[in-house]
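The values are calculated or read from the model by the stated rules, or taken from the named source; none is laboratory data. What you see is a predicted model, and the numbers here were worked out from it, not measured in a lab. Neighbour counts are summed over all protein chains in view; Cβ atoms, including those assigned to glycine, are modelled from backbone coordinates with ideal geometry.
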Amino acid sequence: MANIKFSKKLFEKEIGKLNDEMQMRIAMFGTPVESVTDIDIEIEVFPNRPDLLSYQGFKKSFLAFLGKKTGLREYKVKKPEKDYKVIIDPSVKDVRPYTVCAIVKELILDENKIKELIDVQEKLHNTIGRRRKKVAIGIYPLDKIKLPITFKAMEPDKIKFIPLESSKEMSGLQILQRHPIGKEYAHLLAGKVKFPIFVDADHNVLSMPPIINSELTGRVVVTTKDVFVECSGTDLNALNKCLNILVTTMDEMGGKIYQMELSGLKLITPDLTSEKMKISLVNTNKLLGLNLSEKELGQCLEKMGHNYKDGFAEVASWRNDVLHEVDLIEDVAIAYGYENFIEDFPEIATVGKEDFKEIIKRKISEIFIGLNMLEVSNYHLTKREDQFSKMGINEKNEKEFIEVEGSKTDYTILRKDLSHYLLKNFSENIDSEYPQFIFEMGRTFNLIDEKIIEGENLACAVTPGNFTQIKQTLEYFFRMINLEVKFKEPLQSPVHFIEGRVGEIILDEKVIGYIGEIHPRILRNWKIKMPVALFEIKLEEIFEKLK
């Protein structure tokens, strides 16, 4: 969650009087008021609405919610002019492979608007951008840049420029070692042979993402009229959403949006084309317990910034949170007003009781937390690459997996196990302190004879770790639940384990899982530098024994 502050005077001038009724409407919109002074109003914005992280973004959406400017806000986007191009060099592929860019002209800036741009930039860094790991943003005065621009990677000692808030030229390594911002984000480039940079046609460095801009070409001031905007990172979808949020914010400040050609990705950005998504009136009324008419459904959607026609909603390109029909239905509920829902109590009396399996799972968690292990929780959906190729499995030989239709991301299949996710967790935390001990309990999904079989699994992993260490952990767990487990060398084990360092886990003569050391080849696939020991078991047999 993030808080944003803006001028109370400006709010009352452009939106309305900030009385008790207005504060209640702000809260019902999903952005509760944190504080109000004679000068400022501070609101809380939840992670699912990064488009509200600036005053301009909030104003646009809140005015629609109030019924003043409803429907989808349309922006004019001009096609690329001469040299409005960013050349993406292949050298960035292994460092920071993507960038999306735009030019915004005829801005009218003052100190408050510059502060707003800086604030929204940093809040996007910390939310969608995962503290710049996934997305980093740069905004530059166009009058100090010669187009076209090149995005490439170079050896750190060959990169030389004056970073922001400095008067001395530094190399890429020196920035990471000496500059305050460089030291804070140095871990994002740790171990990289080359660092990414943006340079203009005169070979002037604009920035070294995701670290810092250049003092000479990367500082926006009140006299700046035209800017170049770039978002670089590892997730193209997240980059596009961030860019769309930024350029529409600047348009609200009076700017005019121009597209840029991305040579290398064969894209032209920004793309503010809306997306059509089906929404059923029957599903909406059933889920919300309402009796809305088609007209009322359309009015609710328009109050949340969408257009509606013939069963389809037109969703804005900067809405990061709308992935499914149920997200639109949530918007309908907000627009209808939670305060307007009527309580309806069932006519039968029931007594609640915690599910037996949940009691056992809670006790299992307590055992592993007592061993100083960290519990993780991963998505039920996973990526093909993570589930198969990174685990040494040829996807062509895997016929029985469950694919999700119409996925909006590259998470397209239901997970078959937890082990690959624990390795993914390790790979995303290679710069964290060692040793690392993690475990997860969760659902897995397998397709057997064309039937979807859901199960509860438990997986635990340690790094650096070995077979003896993980075996002691598993034996301790079974002693604590008063069950006896045996180990046996498997005739055929999962390919991600080292042969000879893997065993079957047997409970009452049934194989319930595998334990062992992860093969170095698999560790390389995940770019994990330390040895990993891991086990994964099915919990159904344990539930039966503990009944």
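Look through 362, 319 and report the one residue that is in a loop (DSSP other than H, G, I, E, B), among the basic types (Lys, Arg) and over 30 Å from residue 521 (Cβ atoms).
Details: 362 fails: in a loop (DSSP other than H, G, I, E, B).
Of the residues listed, the single one that is in a loop (DSSP other than H, G, I, E, B), among the basic types (Lys, Arg) and over 30 Å from residue 521 (Cβ atoms) is 319.
Among the residues of segment 382-408, those identified as surrounded by fewer than 16 Cβ atoms within 10 Å (Cβ to Cβ), under 24 Å from residue 441 (Cβ atoms) and not charged (D, E, K, R) are 402, 404.
Each row is one residue, and each column tells you yes or no for (1) of a type outside the set (S, T, N, Q); (2) surrounded by fewer than 15 Cβ atoms within 10 Å (Cβ to Cβ); (3) touching an Asp or Glu at 6+ places or on another chain (Cβ under 6 Å).
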position	(1), (2), (3)
454	yes, yes, no
463	no, no, no
483	yes, yes, no
490	yes, no, yes
493	no, no, no
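For segment 388-434, the set of residues classified as farther than 30 Å from residue 358 by Cβ, in a loop (DSSP other than H, G, I, E, B) and in contact (Cβ under 8 Å) with a residue 60 or more places away in the chain consists of 392, 393, 408, 430, 431, 434, listed by residue number.
Residue 506 passes every criterion in (1) in a strand (DSSP E or B); (2) under 30 Å from the mean Cα position of the chain (by Cα) apart from (2). Pairing each residue of segment 459-470 that is closer than 12 Å to residue 368 by Cα and in the same structural domain as residue 523 (by TED's automatic domain parsing) with any residue that is in a loop (DSSP other than H, G, I, E, B) and of a type in the set (Asp, Glu), provided the two are 6+ apart or on different chains, yields C-beta distances under 9 Å for 459/417. The strands (runs of 3 or more DSSP E) found wholly in segment 1-49 and carrying at least 3 residues that are among the β-branched types (Val, Ile, Thr) occupy 40-45. Would you call residue 477 buried (at least 18 other Cβ atoms within 10 Å of the Cβ), modelled with pLDDT of 90 or more, under 24 Å from residue 541 (Cβ atoms) and out of contact with any strand residue (DSSP E or B) (no Cβ under 7 Å at 6 or more places or on another chain)? Judged against the criteria, residue 477 is a match. Look at segment 1-25: where a residue is surrounded by 12 or more Cβ atoms within 10 Å (Cβ to Cβ) and acidic (Asp, Glu), no partner that is modelled with pLDDT of 95 or more and assigned to a loop (DSSP other than H, G, I, E, B) sits 6+ places away or on another chain with Cβ atoms under 9 Å.
Looking across segment 474-491, the residues that are more than 17 Å from residue 510 (Cβ to Cβ) and either outside any helix (DSSP H, G or I) or of a type in the set (Lys, Arg) (or both) come down to 479, 482.
Here residue 377 clears all of (1) assigned to a helix (DSSP H, G or I); (2) surrounded by fewer than 13 Cβ atoms within 10 Å (Cβ to Cβ) except the condition numbered (1). Among the residues that make up segment 58-71, is at least one of them closer than 18 Å to residue 240 by Cα and part of a loop (DSSP other than H, G, I, E, B)? Taking every residue of segment 58-71 in turn, none turns out to be closer than 18 Å to residue 240 by Cα and part of a loop (DSSP other than H, G, I, E, B). The requirement of being among the acidic types (Asp, Glu), over 30 Å from residue 7 (Cβ atoms), assigned to a loop (DSSP other than H, G, I, E, B) and within 21 Å of the chain's Cα centre (by Cα) is not satisfied by residue 83.
Looking at 541, 454, which is the one that is part of a strand (DSSP E or B), at pLDDT below 95 and closer than 24 Å to residue 377 by Cα? First the steps, then the outcome.
Working: 541 fails: part of a strand (DSSP E or B).
Checking each option against the conditions leaves just 454.
Hey, does segment 137-155 have a residue that's on the phi > 0 side of the Ramachandran plot and either modelled with pLDDT under 95 or touching a Gly at 6+ places or on another chain (Cβ under 7 Å) (or both)? No, because not a single residue in segment 137-155 is on the phi > 0 side of the Ramachandran plot and either modelled with pLDDT under 95 or touching a Gly at 6+ places or on another chain (Cβ under 7 Å) (or both).
Under the condition of being in contact (Cβ under 8 Å) with a residue 40 or more places away in the chain, closer than 15 Å to residue 73 by Cβ and aliphatic (A, V, I, L, M), the residues counted in segment 295-325 number 4. Among the conditions (1) assigned to a helix (DSSP H, G or I); (2) not assigned by TED's automatic domain parsing to the domain that holds residue 541, residue 345 misses just one, which is (1).
The residues in segment 341-374 that are surrounded by 10 or more Cβ atoms within 10 Å (Cβ to Cβ), touching a residue at least 24 places away in the same chain (Cβ under 8 Å) and under 30 Å from residue 463 (Cβ atoms) can be counted, and the count is 11.
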